[in-house]
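Asker: Would you mind keeping the following structure in view while I ask a few things?
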Amino acid sequence: MTTIEVRGLTKKYGPETVVDDLSFTVEPGQVTGFLGPNGAGKSTTMRMIMGLATPARGSVTIGGRRYADLPAPLTEVGALLDAGAVHGARRAYDHLLALAVSNGLPRRRVGEVLARTGLEGVAGRRAGGFSLGMRQRLGIAAALLGDPRVLIFDEPVNGLDPEGIRWIRDFMRALAREGRAVLVSSHLMSEMAQTADHLVVVGRGRLIADTGMSELMRANGAGTVLVRTSDPGSLARRLTAAGATVRDGLENSLVVSGMTGEEIGKLAAYHGVALSELTPQLASLEDAFMELTKDSVEYQGAA
């Protein structure tokens, strides 16, 4: 099974360290979301994975080998780092054919990837006339030409309409189900919440979190319960004594963690405490992301 292994990766531009001792693994069979504020080092890391930038220290391997040492790179890793990296005067079919021929791939792959990305009907059109969504699809088609087991996408949904975003989301999931390792960066937290199985979060070039989606949500507020009662102080003491963590919420409510709604309800009933509300709370990925990266944002505006 082919993985991406990033170990101790460090990159400097002049005096500035943009990637700082970064280590993580991208496993096959899942979508790994690569998240971080602007300037966190995501794009630089992806460029180093692809051999487009040289690290000051550390290493990146794909299936145990550096990208530069892969005998037929397009058959092992495909990437979309810049959807605009195609000659505008070249037809979609010709663009893909040139890539296929120059990499020793069979011509039939051009038709196959055009079909898979929904571009069959525009194969004869020049790329310069494509919408952003169509250019993204063309870039994905190019990444798939060699049928690689590893795929890397840098901000693939930026600027797309809802239909295009949904298509890319479903496509990423389908690629992972085929056993491929998929690394995708994005600023859209709502999309990552529906797309990624695993998350790598960076800030100012350093690793902040390397965790499964469900684990991150549980650790950053998911699983709390909002409780309302006429005597919150008394209930809070009883909940704390039972091992829960309780903090004050809005409008005399309690926010409880460490106990399920069912457990809270049973405890309240045992002590004869009437509840007017008992609502499980689900933190969003955006909430968790903002909490994790609050100390790593380059510029913060006043509220």
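Asker: With Gly36, Gly29, Gly58 as the choices, which residue is more than 20 Å from Gly203 (Cβ to Cβ) and out of contact with any Pro (no Cβ under 6 Å at 6 or more places or on another chain)?
Answerer: Numbers: Gly36 fails: more than 20 Å from Gly203 (Cβ to Cβ); Gly58 fails: more than 20 Å from Gly203 (Cβ to Cβ).
Going through Gly36, Gly29, Gly58 in turn, just one is more than 20 Å from Gly203 (Cβ to Cβ) and out of contact with any Pro (no Cβ under 6 Å at 6 or more places or on another chain): Gly29.
Asker: Hey, another quick one. Being of a type in the set (S, T, N, Q) and surrounded by 20 or more Cβ atoms within 10 Å (Cβ to Cβ) is the filter; apply it to the range 166-200 and report the residue that is modelled with the lowest pLDDT. Spell out how you get there, then give the answer.
Answerer: To start, the set of residues in the range 166-200 that are of a type in the set (S, T, N, Q) comprises 185-186, 190, 194-195.
Now narrow it down to the ones that are surrounded by 20 or more Cβ atoms within 10 Å (Cβ to Cβ): 185-186, 195.
On the way: Ser185: 93, Ser186: 84, Thr195: 90.
By that ranking, first place goes to Ser186.
Asker: Would you check which residues across the range 166-212 are aliphatic (A, V, I, L, M), out of contact with any Gly (no Cβ under 8 Å at 6 or more places or on another chain) and outside any loop (DSSP other than H, G, I, E, B) and list them?
Answerer: Taking the range 166-212 as the starting set, the residues that turn out to be aliphatic (A, V, I, L, M) are 168, 172, 174-176, 181-184, 188-189, 192-193, 196, 199-202, 207-209.
Applying the additional criterion that residues be out of contact with any Gly (no Cβ under 8 Å at 6 or more places or on another chain) yields 168, 172, 174-175, 182-183, 188-189, 193, 207, 209.
Result: Ile168, Met172, Ala174, Leu175, Val182, Leu183, Met189, Ala193, Leu207, Ala209.
Asker: Looking at Arg206 and the list (1) closer than 25 Å to Gly51 by Cβ; (2) touching a Phe, Trp or Tyr at 6+ places or on another chain (Cβ under 9 Å), which single condition is not satisfied?
Answerer: (2)
Asker: Residues Ala68, Ala40: which one is buried (at least 23 other Cβ atoms within 10 Å of the Cβ) and among the hydrophobic types (A, V, I, L, M, F, W, C)? Spell out how you get there, then give the answer.
Answerer: On the way: Ala68 fails: buried (at least 23 other Cβ atoms within 10 Å of the Cβ).
None of the others qualify; the one that does is Ala40.
Asker: Filter the range 118-137 for residues that are under 21 Å from the mean Cα position of the chain (by Cα) and either under 26 Å from Glu178 (Cα atoms) or not assigned by TED's automatic domain parsing to the domain that holds Met50 (or both) and give the result.
Answerer: Scanning the range 118-137 gives Gly133, Arg135, Gln136, Arg137.
Asker: Based on this model, can you work out whether Val18 counts as in contact with a helix residue (DSSP H, G or I) (Cβ under 8 Å, 6 or more places away or on another chain) and within 20 Å of Ala181 (Cα to Cα)? Don't jump to the end; show me each part of the working.
Answerer: On the way: in contact with a helix residue (DSSP H, G or I) (Cβ under 8 Å, 6 or more places away or on another chain): yes; within 20 Å of Ala181 (Cα to Cα): no.
Judged against the criteria, Val18 is not a match.
The values are calculated or read from the model by the stated rules, or taken from the named source; none is laboratory data. Please read these numbers as outputs of a predicted model, since none were measured by experiment. For neighbour counting, all protein chains shown are included, and Cβ atoms are generated from backbone atoms with ideal geometry for every residue, glycine included.
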